[in-house]
Each structure stands twice: as structure tokens, then as C-alpha cells.
Amino acid sequence: MPQVIGDTLQKSGFLRELKSAISGSAVKTDREAMSSYLVDWRGRHEGTALCVVEPSTVDEVAVVVRTALSHGVKVVPQGGNTGLVGGGVPLAGDAVGQQIVLSLRRLNRIRSINVLDNVIVADAGVVLQNAQTAARDVGRLLPVSLAAEGSAQIGGIVSTNAGGTGVLRYGTTRELVLGLEVVLADGSIWNGLQPLRKNNSGYDLKQLFIGSEGTLGIVTAAALKLFPLPQSRVTAFVGLPSPDAAVNLLRDLQSEIGDCVTAFELMQRECLELVLGALDGARDPLQHSHPWYALVEASTALRSDTLADTIEKNLAIAFEAGIVADAVLAHSEQQRATLWRLREEISEAERRHGTSAKHDISVPVSRIAEFLHHAPAAVKNSVPDAIPFAFGHVGDGNIHFNVFASAEDTKTINLVIYDLVTALGGSISAEHGIGLSKVDLLKRYKDTRSMLLMQSVRKALDPDAILNPGKVFDLAKTTDLGL
Ligand SMILES: Cc1cc2nc3c(=O)[nH]c(=O)nc-3n(C[C@H](O)[C@H](O)[C@H](O)COP(=O)(O)OP(=O)(O)OC[C@H]3O[C@@H](n4cnc5c(N)ncnc54)[C@H](O)[C@@H]3O)c2cc1C
């Protein structure tokens, strides 16, 4: 039988079996209905798929995986599709054989919230913001917070080990996950949802799936830690002369109020200008312009009248020391939201402005100033008309160092930045992961032993290589690791 006819028959057999195994309406094959699932948030990666399938129960997810496995079809898990490295969309063409997108969107039930345990158990497809609201309704805080929280899903934040603005105080998603339920690559269901804070009974298997970007299993539910809601909160927008000043201010505030410093977001003047240009009605919170800004938030679960006074006093001391150039405090929830929008809208304003090379890097906090001092000059030295700018979660050493430049110059710029990051003992991906965008870079910068271990884990959990092909590293090409 000619190959094309054989492929077509195989495809129609697979789709027929899938549609009879789960509700037919959960299987989309129409090109238009599939289109938004096939392209990533930044519009950088677009792939092809036999279908998009949207199961509504864990058992249906398992059936989809088993059916795909028996037909040799690859499975690309997708949550809110807000990932920034192309991890949640299929590859282009038939490079790896036939693929489907498995959207977790309809698995969207909050299974339980227990205030005594301080735990929320949510299906993978629950939108992060809905989980935060459900927690708030019972007086608790789910502290993962990021600009895409209106679309990103619980399964997505777990699978990317998302960070965001709460990491300084509460840690990344990894530190919040108490348990997981996962459909494995053979279609069996692993129930590791026990929401225990202490459990030393063997390997901590959930850790494998957190941050594995859909390459080791399909997360179908997560048990996440909750915290008491902050009762007092102070938000300040601070003008600064340099990144060095920002790091010093963070140090001084932490010395004074410890982990009450819950967010410390740095942004360069250029970022503020981008947002002011893109947001209707937005205005500069400070009278004069400054080269750098920090959005600082302090909070505590205590009802405290003194937190604002403490912050004001410390900002005044920092002003006297030349660390702070100017500052304003939010006096209402609305003013707080306005200040946060200036930070949260940077990615969207950047996207509207044009193509940029993004570098989501981390270095030790003590080396941030050094990085931000050398990186722009190094980029300009290689590509003189490039426009670098930076913002990020300075308390975690995580800087988004982005560069407006032509697509042809991106490769050169990437190497300049990542060489510098590596020399400073940092990571080429602090938050967004590897996905498809950074596969070659991971191979270049990650040590061989780690690559070998990751390869062994992936082969053990997905021996038929059906999960998210080509993402993080390409199993089919691991021989060129030189091992
Ligand atoms: C404006 C904006 C701001 C952002 N800010 C931040 C930030 O501050 N910090 C941060 O860390 N990230 C940030 N991101 C990136 C992104 O929002 C996060 O990575 C988020 O966790 C992705 O969730 P998602 O549901 O959209 O996942 P998707 O984009 O759908 O998928 C991401 C990856 O996870 C896999 N995946 C998704 N769901 C599952 C599942 N159930 N089981 C197995 N694998 C799965 C996919 O295959 C893919 O590899 C931002 C993105 C945008 C657009």
C-alpha cells in the first residue's frame, strides 16, 4: 500500500477510535477551530496536529493517551497556552510523526479547599486566577501570581514550575506543590495527591513532573499550599539611580522587616516608557524620570498600623544615603493596582512594540548589578543598533533581559548574554523553561552529566517517546550529546 494512503487510513482509524472512546464533540479536527491551539502566545511557533482533544475527566485523559500510544501518535499537553518558549504547541510539519494537542481546559473543577490543612486541590485546567479567588473566598492566599494568571492554568504553572511576583516570600510553584495526580505515558493514572507536608516514604516522585514541561506525564490535578491572607500591605514605587542601589535597598529592607518584603520588582526607565505608551490613561507615578525603578511590596498577616511607617522611614534613610531618588506609596487598593499594572503590562507592551530577543535569566542576587552593568555594553558591542532593556524579580536574581533587534541578530545576542550569565554562575532559564525555543541553548550550556540523567529519566517514564516530542531536548537526537 502506498505510504500516503496508509497514513490516511491510520489517521482516520485513530480519530474514529478516539471519538468513540470519549465524547465526539471533545475532538476538534476543523482547521479553524484548532488554529488558536497550534500557535504559541508570542506567535513564534506554529505547528500541525491531527486534532485537538479536550477530555473532561481524568479517565478520559488516560484513554486519550492509551489510544495515542496504540497508534504511535504523539501527545502535546496544553494548558492556557501562555508559555513563552513554545512548549505547549505541536511541532511544524510531520517531522516527528503525527501529533495531537491534549488541552486540559475542560478539566476545571476545584476539588477541595481545606483551611485546616491550608491546601487547595484543583484540576489541571483550573485557571490560576479562579484558584486564587476560590482561596481568597475562604480567607487564604494562593501566592503564585503572574501577569498571565487570567489564562494560565494549574497544570501549566506546575509543568513550568512558574515563578512570578510572589517567589521572594513564598517560593516558586515547586515549593507550593504538596501532591500531584498524573496520567503517565502508558495511560495509567498515578495518584500522588496526598497533601502531606512531611512524607519521607521513598522517592519524592512529584518533583519529577514539576517543571518537566509536559515531557514526563500529563498533570491532571495538584494539591497546593495556601497561606493566611495578608492583613496589612504597603506598596511603593521607587525611583533609583542604578541596579546596585536596588540590590542595596532590598538588603536594607530585608534586614529591617525580614520576609515581610513580599515583592521587589525592578524595571528600567525604558520599560516604564513602553507601558506608558501602550496603556490608555497610564501616567508616570513620579515627578521626574529615573534610570531604574523598583515596585516594592511589604505585607504581613498581622493587622499592623506600623508597616507603612516602617517602609516610609526606611525609604527616607535610603534617600539620605543616595540609594533612593524618589518614591511614592499607594494609599488605596486602586492606587496599588495602578502601580502593579505598570509592572504587569511590560510583556504585553513589549509584544505590541516589536520583535525582541528575550532572556529570562538568573544570577545570584549579589551579581545582578554586575550583570546589568556588563550586559548592555556587551550586546551593543556585537550589534550596535540593538536596544536592550531589563526588568525582573530582583529578589530572586531573575532578570528579563530583552533586546529589540532583528531576527538575524538574535542568535549573536543570545550567545553574548548566555556566555555572560554562565560566567556569573547563572541559569539561561529562570522561569519560562526550555520548550522549543531553547533546545539548542540547553544542549550548549547544560553540563553533559545533567543532560544524560535527564535523558535516562525521560526514557524510563516515556519509553515510546510519545509525550511532547522535541521539547526541552530531542530524545531522537540525544546521541549527538557525545555520550
Ligand atoms: C504576560 C505573561 C507574563 C508571564 N509572566 C510569568 C512570570 O512572571 N513567571 C513565570 O514563571 N511565567 C510567566 N509567564 C509564562 C507562563 O504564563 C507560565 O509559564 C505559565 O505557567 C504557563 O501556564 P499555561 O497553563 O499557559 O501553560 P501552557 O503555555 O499551555 O504550557 C506550558 C508548558 O507546560 C506544559 N503543560 C501545560 N499543561 C500541562 C499539564 N496539565 N500536564 C503536563 N504538561 C502541561 C505544556 O506542554 C508546555 O510545555 C508569563 C506569560 C505571559 C504571557
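The values are calculated or read from the model by the stated rules, or taken from the named source; none is laboratory data. The shown structure was predicted, so the numbers you read here are calculated from the model rather than taken from an experiment. Virtual Cβ from ideal backbone geometry, glycine too; neighbours counted across all protein chains shown. Side chains included, ligands, DNA and RNA excluded: accessible areas come from the protein's heavy atoms. Shrake-Rupley method; radii C 1.70, N 1.55, O 1.52, S 1.80 Å.
Data table
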item	result
Among (1) within 16 Å of the ligand (Cβ to nearest atom); (2) without any contact (Cβ under 8 Å) to a residue 60 or more places away in the chain; (3) within 19 Å of ASP396 (Cα to Cα) - the single one ARG251 does not satisfy	(1)
Qualifying strands (runs of 3 or more DSSP E) (wholly inside the range 91-154; at least 3 residues being at pLDDT 95 or above, more than 12 Å from the ligand (Cβ to nearest atom) and surrounded by 19 or more Cβ atoms within 10 Å (Cβ to Cβ))	119-123
Within the range 270-291, considering residues that are under 24 Å from the mean Cα position of the chain (by Cα) and of a type outside the set (Gly, Ala, Ser), the one modelled with the lowest pLDDT	LEU279
Every residue from the range 255-299 that is part of a helix (DSSP H, G or I) and in contact with a Pro (Cβ under 7 Å, 6 or more places away or on another chain)	ARG269
Those residues of the range 335-392 which are among the aromatic types (Phe, Trp, Tyr) and closer than 19 Å to PRO243 by Cβ, in sequence order	PHE371, PHE389, PHE391
Test: ARG458 is basic (Lys, Arg), open to solvent by 50 Å² or more (accessible area, probe 1.4 Å), over 24 Å from LEU274 (Cα atoms) and assigned to a helix (DSSP H, G or I)	no
In the range 437-448, residue farthest from LEU146 (Cα to Cα) [restricted to those that are assigned to a loop (DSSP other than H, G, I, E, B) and open to solvent by 50 Å² or more (accessible area, probe 1.4 Å)]	ASP447
Residue satisfying all of: in the range 155-209; closer than 21 Å to ASP360 by Cβ and among the hydroxyl-bearing types (Ser, Thr, Tyr); farthest from the ligand (Cβ to nearest atom) among these	TYR170
Matching entry among PHE264, PHE209 (being outside the structural domain of GLY435 (by TED's automatic domain parsing), closer than 25 Å to GLY125 by Cβ and open to solvent by less than 40 Å² (accessible area, probe 1.4 Å))	PHE209
Breaking point among (1) over 24 Å from ILE387 (Cα atoms); (2) surrounded by 15 or more Cβ atoms within 10 Å (Cβ to Cβ); (3) at pLDDT 95 or above; (4) more than 22 Å from the chain's Cα centre (by Cα), for THR478	(3)
Contacts under 7 angstrom Cβ, first residue in the range 422-433 being within 18 Å of VAL472 (Cα to Cα), partner more than 8 Å from the ligand (Cβ to nearest atom) and open to solvent by 40 Å² or more (accessible area, probe 1.4 Å), 6 or more apart	ILE428/TYR445
Subset of the range 323-358 (residues that are among the hydrophobic types (A, V, I, L, M, F, W, C) and either over 17 Å from LEU276 (Cβ atoms) or in a loop (DSSP other than H, G, I, E, B) (or both))	ILE323, VAL324, ALA325, ALA327, LEU329, ALA330, ALA357
Members of the range 332-363 that are open to solvent by 20 Å² or more (accessible area, probe 1.4 Å), closer than 26 Å to LEU442 by Cα and modelled with pLDDT of 95 or more	SER362
Residues that are within 13 Å of GLN98 (Cα to Cα) and open to solvent by 30 Å² or more (accessible area, probe 1.4 Å), drawn from the range 60-85	LEU69, SER70, HIS71, GLY72, LYS74
Considering residues of the range 426-436 that are among the small types (Gly, Ala, Ser) and part of a loop (DSSP other than H, G, I, E, B) only, the residue farthest from HIS400 (Cα to Cα)	GLY435
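Each row is one residue, and each column tells you yes or no for (1) assigned to a loop (DSSP other than H, G, I, E, B); (2) within 9 Å of the ligand (Cβ to nearest atom).
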site: VAL52; (1), (2): no, no
site: SER56; (1), (2): yes, no
site: ASP59; (1), (2): no, no
site: VAL64; (1), (2): no, no
site: THR67; (1), (2): no, no
site: PRO77; (1), (2): no, yes
site: GLY80; (1), (2): yes, yes
site: VAL85; (1), (2): yes, yes
